[in-house]
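Every read-out reported here was derived from the displayed coordinates using simple, explicitly stated rules and does not represent laboratory data. Treat the numbers as computed from the prediction; the structure is a model and nothing was measured. A quick note on method: Cβ atoms are made from the backbone with ideal geometry, for glycine too, and the neighbour counts reach across all protein chains shown.
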Amino acid sequence: MSGFLLKRIVGFPSSPLGRLDRAQEDVLHSQRLLLQDLIRRAKDTAWGRAHGYDEILRSDEPVSAYQERVPLSTAEDFKPYVARTKAGEENVLWPGRTRHFAVSSGTASRGRLIPVSEEMEHAMAQAGMIPGLQYVRSTGSASFLGGKILMLPGAVAPEPDQPDVLVGEVSALQALGAQPALVRRFQAVPEELAMIEDWEEKVERVAACVADQDVRAVIVVPSWAPLLFEAVLQHASRARRARVTSLREIWPRFQVFFGGGVAMSAYRGIIEHYAGSDIDFIESYSASEGVFAFQDDPASTELAVHLVSGVFYEFVRLEDRHVDRPRRHTLADVELGVDYALHVSTCAGLWGYPLEDVLQFTSLHPPRLRVRGRTISMLDRAGERVCASEVAEALRAASQLTGVRVRHHHVTYASASIEMPQHEWLVELAGFARDSDSLAGAVDAYLCEHNRHYGKRRRAHAIAPPIVTLLPSGTSLEYLRTKKGRLTSQSKLIAVNEARTVAEGLAKAASVVQRRSANSH
């Protein structure tokens, strides 16, 4: 497909990007129409009958009527409905039979099953095209579509006692639903490799497969990119019988990295190191429950809200999330600079469902936001309000200043025996570094400058200076293997948590890695 033809296609009114453009012209109208359509479709389901969806449809104010009749839910509220759906019952949360279920990553929970209807799979597929189309429109370049796209989805498998029911990671369900013609044209990884269940085997075999291809774009969770890229370089080095040090040597037209699932900023430095030169980064905000926002400008880190992905959005101020019947904001009345918890209603039959993410709007027309972290991922014992996005940005700035490359990180409070709160940064680096003090000083300086709450409390000596604990290479993978039993595309560290559970697990994993290293020598 020529770049000229593609540029024409992105502007077509019927294209996903064209429909997004129209929705952005009147955000409130498009969200209202979407909610009415979701309610109309689900009115005869068990959930819809129980919550009076017929009466909501007769209301002159359907959004208000919906919020009055349908309470904000918890994941536990949905478990019995999901169980009935998975057992084969029809018309429970969404019309008809739902046969596909995504397993959430469980970073803020123990993981849960999320129903994925045919309508949601279609909506995700359409929404998934938008970042690439918008990238072409904003940069004027479609050259990355002249080669291959490396996508690394998770795994999915039929239930042993229900062969017509598929359960797995949402990326795998999306891959299975992709148009065969597009897969053959663009995908660098054949399906038999993409669907391998063992994650570490998949990474190795995919790396061997793509080491000699014309890869121009990569779509992968940023935290897994270092492992994948290191494996690609090793396979290329063996094939060429010479050390290959950057992806640019084997993929000279590598142009853009599309990522989501974790904060991109913490991994940009190490991805750029492997790339060997500047590439563009496009970040998306999505989950097993849907696709919510994407970076529509490579030069900006703000994320544009997806308005054509089958999702109706509601927001609760972070400080109100434990209040009985808190005020539920929509895109009609959110404010800039306020921390909100996100709830969604979707074309998969989730209603007022919690995402456990903290968002902050940076623009209202059109709506743009940044993801601050998880509702449980904030350090605030002294009122410092340090969230996961700030941790990622601090690490990126510190990496540029000190020259280190961060693979994985986790931030928590140091041992309770100290006299005042103190942050401990557990960091696994690529390469070798002795000077943890310089890294600690750099992240401290960044937060003092960019987080007024943190800076004020540091100046008042209400928080001790942070400490950095350097983890041996391989610690994070060892911890994730131990915790989950096996690795998946969604295996990842909680970036920030005041409880020391993860920190203690990392300490044990580090001991295992060190003993293994000592024994090998």
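Where q = 0.12, 0.23 Å⁻¹, what log10 of I(q)/I(0) comes from the Debye formula for region 183-274, counting one point per Cα?
Values, matching the q order: -0.35, -1.35.
Would you mind computing the Rg to Rh ratio of region 351-471 from its alpha-carbon coordinates, Kirkwood style for Rh? Kindly include the intermediate steps, with their values, before the conclusion.
Numbers: Rg = 15.5 Å, Rh = 15.4 Å.
Result for region 351-471 is an Rg/Rh of 1.00.
Counting only DSSP beta bridges with both residues in region 411-512, what percent are antiparallel, rounded to the nearest 5?
Values: 3 of 10 bridges.
If we restrict to bridges inside region 411-512, about 30 percent are antiparallel.
Give me Met264, Met195, Met129 ranked fewest to most by other Cβ atoms within 10 Å of their Cβ, as a rough exposure proxy. Before the final figure, lay out the partial values.
Numbers: Met264 24, Met195 18, Met129 15.
So the residues, fewest neighbours to most, are Met129, Met195, Met264.
Which order results if Leu477, Leu493 are arranged by neighbouring Cβ count within 10 Å, fewest first?
Numbers: Leu477 18, Leu493 21.
Arranged by neighbour count, lowest to highest, Leu477, Leu493 become Leu477, Leu493.
If you average the C-alpha positions of region 118-161 and of region 351-403 separately, how far apart do those two centres end up, in angstrom?
Computed from Cα coordinates, the inter-centre distance equals 25 Å.
Just from its helices, what would the mean residue ellipticity at 222 nm be for the chain, if runs of 4 or more DSSP H residues each count -39500 (n - 2.57) and the sum is divided by every residue, rounded to the nearest 500 deg cm²/dmol? Numbers along the way, then the final one.
On the way: 19 runs with 208 residues, N = 521.
Value at 222 nm, helices only, nearest 500: -12000 deg cm²/dmol.
Positive end of the charge dipole of region 15-108 (Lys, Arg +1 and Asp, Glu -1 on Cβ, about the Cα centre): tell me which of Gln36, Trp94, Pro16 has its Cα farthest that way.
Value: Trp94.
For region 18-41 and region 316-350, what is the separation of their Cα centres, given in Å?
Taking the Cα centre of region 316-350 as reference, the centre of region 18-41 is 18 Å away.
Tell me, what is the percent relative contact order of region 378-520, built from C-alpha pairs under 8 Å that lie six or more residues apart? Don't skip to the answer; put the middle values down first.
Numbers: 220 pairs, mean separation 42.2, N = 143.
Across region 378-520, relative contact order equals 29 percent.
Mind checking which helices in the chain clear 18 Å along their axis (Cα) and have mean Kyte-Doolittle hydropathy of 0.0 or more, DSSP H runs only? Intermediate values should be presented prior to the final figure.
On the way: long enough: 27-42 (23 Å, 0.09); 118-139 (33 Å, -0.31); 225-240 (22 Å, 0.25); 388-402 (21 Å, 0.23); 436-450 (21 Å, 0.18); 501-520 (29 Å, -0.08).
Within the chain the helices that satisfy the rule are 27-42, 225-240, 388-402, 436-450.
By count of other Cβ within 10 Å, fewest leading, how are Arg243, Arg328, Arg407, Arg69 ordered?
Working: Arg243 10, Arg328 20, Arg407 23, Arg69 15.
Ranking Arg243, Arg328, Arg407, Arg69 by Cβ neighbours within 10 Å, fewest first, gives Arg243, Arg69, Arg328, Arg407.
Any chance you could get the radius of gyration and Dmax over the Cα atoms of the chain, in Å?
Rg then Dmax for the chain, in Å: 23.2, 75.
Placing unit charges on C-beta atoms (Lys and Arg positive, Asp and Glu negative, everything else neutral), compute the dipole magnitude of the chain about its Cα centre in debye, rounded to 20.
Values: 61 positive and 63 negative charges, 208 e Å.
Roughly 1000 debye for the chain.
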